[in-house]
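The structure appears below as structure tokens.
All of the numbers you see were taken from the coordinates with simple rules; none came from a lab. From a predicted model like this one, the values you see are computed outputs, not experimental measurements. Please note: Cβ atoms are built from the backbone with ideal geometry, for glycine as well, and neighbour counts cover all protein chains shown.
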Amino acid sequence: MSDADLRHWLRFALVPGVGARRQLALLRGFGSPEAALFASAAALAPHLDAGLIPAFKQVAEGARDDEVERHLAWLGEPGNGLVTLADGDYPRTLLDLPDAPTVLFCKGRIELLAATAVAIVGSRNATPQGLEHAAAFAESMSAGSLTVVSGLAAGIDAAAHRGALLGAGSTVAVVGTGLDRVYPAANKVLAHDIAERGLIVSEFVLGTPPKAEHFPRRNRLIAALARGTLVVEAALGSGSLITARQAADLGRDVFAIPGSIHSPVARGCHRLIKDGAKLVESAEDILSELGWSGGASPRREAGPVALLGDNERAVLDAAGYDPVDFDALIGRTGLTTDALCAILLGLELAGAVTTLPGGRYQRQV
């Protein structure tokens, strides 16, 4: 792409109020950003609301060229790139969207846009078990040479990215801000790791802050980039369910991991399963459903249960797989308070249980 063409694409993306649908309409009508930018107001009228035309013309005449220069400077930094609808690197899967983005800002390995991918999404307020599931499934997918797509949110998304970075398939993070920002800030180190070994993608120009309306837009890209979407944990009404429904609308597979009937973050998964999502218990279930044989899943060592004594095993059996409080364990095991405290401490150190808010315990193996 010539420098002049790059500037036209950036100006096109920087026009305020002109989203993906209008941009696509303009490209269909005029053939290129340059032709649209320098079209007359009369020619633009069938494609833009009257109130947007003056802003569009002002940008064409250089009103935002300081921002264009800022973007060009960012694009000059190592690892940063811009993929436009006219580029060969543009992911064809996004063309299934009626509002496909016309530009993608990228940081990292742009070739991952063309990789076969599975999306893994879920609750920001995930349980320890959910985080473990997300990381393990993602690692298995990546070890099988599938790329894992998620949204860099706290909770399940972050766990999925971390797991995927352990395998050959790596990971793509689709974000709802400009790529000069990391949201949430707690994922700054993770974002750096993804930029180094995976890919971060956004349709939003630099400086775009995290706004609630941006994340459903981000979710549609996650759904479209992947052959299937796995929901690990999700409450009813969560953004993860939106992603799953968008995936289904695009004809992609939807998978869900079942959970406890008492867990609020399992109810979304159960709803999806009732609505036709495929219930999965292992990464192999997904690989088989997709007909994928790109590589082997990582081998797992035997868990800590094999190393536990009879008393520890008895407490684990009494705990079950739902969160349980101390008093309930006392009632189920008949142990004294001191004995149960000692066993629980040993189980926690072995990674067999974890402590939850409210003094509850959750079995991990």
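Summary of values
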| item | result |
| --- | --- |
| Phi to ³J(HN,Hα) by Karplus 6.51 cos²θ - 1.76 cosθ + 1.60 over the stretch 38-44, Hz, x for Gly, Pro | 9, 6, 6, 4, 5, 5, 6 |
| Extension gain from Ala154 to Leu279, taking 0.36 nm per residue of separation minus the Cα-Cα distance | 42.6 nm |
| Eligible lysines near Lys188 by straight Cα distance, threshold 22 Å, same-chain separation 8 or greater | Lys107, Lys211 |
| Gyration tensor (alpha-carbon) shape descriptor, the stretch 116-270, a/c threshold 1.5 | rounded |
| Separation between Cα centres of the stretch 1-62 and the stretch 128-207, rounded to whole Å | 33 Å |
| Nearest-ten-degree value, helix 65-75 long axis tilted from longest Cα axis of the chain | 50 degrees |
| Ascending count of other beta-carbon atoms within 10 Å, so fewest first, for Glu233, Glu61 | Glu61, Glu233 |
| Folded to 0 to 90 degrees: helix 20-30 orientation relative to the chain principal axis, Cα | 30 degrees |
| Helix 310-319 axis, angle to the chain major axis (alpha carbon atoms, nearest 10°) | 50 degrees |
| Sequence-distant residues sharing a close amide H with Asp325 (under 5 Å, placed H) | Tyr361 |
